[in-house]
Amino acid sequence: MARLARVLVTNDDGINAPGLEVLERVAEALADEVIVVAPEVNQSGAGHSLTLRHPLRVRSMAERRFAVDGTPTDCVTLAIHHILKGQKVDLVLSGVNRGSNLADDVTYSGTVAAAMEATLLGLRAIALSQVCEDRRPTRWATAEHWGRRVVERCLDLGPEDGWAGDVLLNVNFPDRAAASVRGVRVTRQGQRAPGEALVERIDPRGEPYVWIGGLRGEEHHAAGTDLAAVAEGFVSVTPVHLDLTHHASLERLRDDLED
Ligand code: MN
């Protein structure tokens, strides 16, 4: 594997998240220079949103470590066009997210969105997430061991090998010890049934509020999906592209709608 000159690391859990440190260590093993640009506070669920209505502040935390008071997409944009302006970035890594980014999570995920933004800017990008259960310790050692292995392998891949320029890789590590992970599976996005867990309560001042809770319904573990792979103990790697066009409908809709 060729050593990289510069890797940008970001996330959506925020600059102080433990998963960010895990990913920094993965990056440091591969690159001469690692730059971290991450949101000041947790931005989970921010999706591919961009801050347009207020200015952004960049806070220098340490050498090559910056916090931005915006979204993951803001972080990538500011990193490339401002903080690292004119400097070549060889790879963007986003994560490691605490919790899965599988199936329909992909468009809600700030972790995946940071990788999307990097892809739009012409950079190779990988999003990484560690599957875990609420109120249980996160298996960061699994993410670190398998993250390093998967990212290293990906670096040897070019467009001729199956990693096209407009594609990001969405990687999820199963919730089990590194030694009992069964290997790597390349998967497609799965589907969950829509959940409906809203918490409806009254606040201390007597006003009602609604808090979005578990919107993840029952999982369909169809063969070949990301959901099935992690449930069976594999690392899931899903190639994702930003063209959301449903190509199979194109011709049929043309016949139906065009004059
Ligand atoms: Mn997150």
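Selection of first residues in segment 241-253 that are open to solvent by less than 100 Å² (accessible area, probe 1.4 Å) and of second residues that are in a loop (DSSP other than H, G, I, E, B), restricted to Cβ pairs under 8 Å at least 6 apart or on distinct chains, gives the following pairs, ordered by first then second residue: His241/Ala164; His241/Asp166; Leu242/Asp166; Asp243/Asp166. Taking every residue in segment 185-210 that is among the β-branched types (Val, Ile, Thr) and pairing it with any residue that is exposed (fewer than 10 other Cβ atoms within 10 Å of the Cβ), at least 6 positions away or on another chain, the pairs with Cβ-Cβ distances below 8 Å are Val199/Val210; Val199/Trp211; Ile202/Pro208; Ile202/Tyr209; Val210/Glu200. Looking at Gly165, Gly214, just one residue is closer than 22 Å to Gly110 by Cβ, assigned to a loop (DSSP other than H, G, I, E, B) and at pLDDT below 90, and that residue is Gly214.
Of all the residues in segment 58-106, those that are assigned to a loop (DSSP other than H, G, I, E, B) and touching a strand residue (DSSP E or B) at 6+ places or on another chain (Cβ under 7 Å) number 12. The residue of segment 66-115 that is nearest to Asn11 (Cα to Cα), among those that are in contact with a Gly (Cβ under 9 Å, 6 or more places away or on another chain) and among the charged types (D, E, K, R), is Arg98. Say whether the condition of being within 20 Å of Leu155 (Cα to Cα) and open to solvent by 10 Å² or more (accessible area, probe 1.4 Å) is met by at least one residue in segment 108-118. The answer is yes; a qualifying residue exists. Asn42 falls short on exactly one of the conditions (1) open to solvent by less than 80 Å² (accessible area, probe 1.4 Å); (2) within 16 Å of the ligand (Cβ to nearest atom); (3) at pLDDT 95 or above, and that condition is (1).
Okay, residues lined up against (1) at positive phi; (2) open to solvent by 40 Å² or more (accessible area, probe 1.4 Å); (3) free of Cβ contacts under 8 Å to residues at least 24 places away in the same chain; (4) more than 14 Å from the ligand (Cβ to nearest atom):
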residue: Val22; (1), (2), (3), (4): no, no, no, no
residue: Arg25; (1), (2), (3), (4): no, yes, no, yes
residue: Leu30; (1), (2), (3), (4): no, no, no, yes
residue: Val34; (1), (2), (3), (4): no, no, no, yes
residue: Gly47; (1), (2), (3), (4): yes, no, no, no
residue: Leu52; (1), (2), (3), (4): no, yes, yes, yes
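The values are calculated or read from the model by the stated rules, or taken from the named source; none is laboratory data. The shown structure was predicted, so the numbers you read here are calculated from the model rather than taken from an experiment. All Cβ positions, glycine included, derive from the backbone under ideal geometry; neighbour counts span all protein chains shown. To get the accessible areas, we keep the full protein, side chains included, count just its heavy atoms, and leave off ligands, DNA and RNA. Shrake-Rupley method; radii C 1.70, N 1.55, O 1.52, S 1.80 Å.
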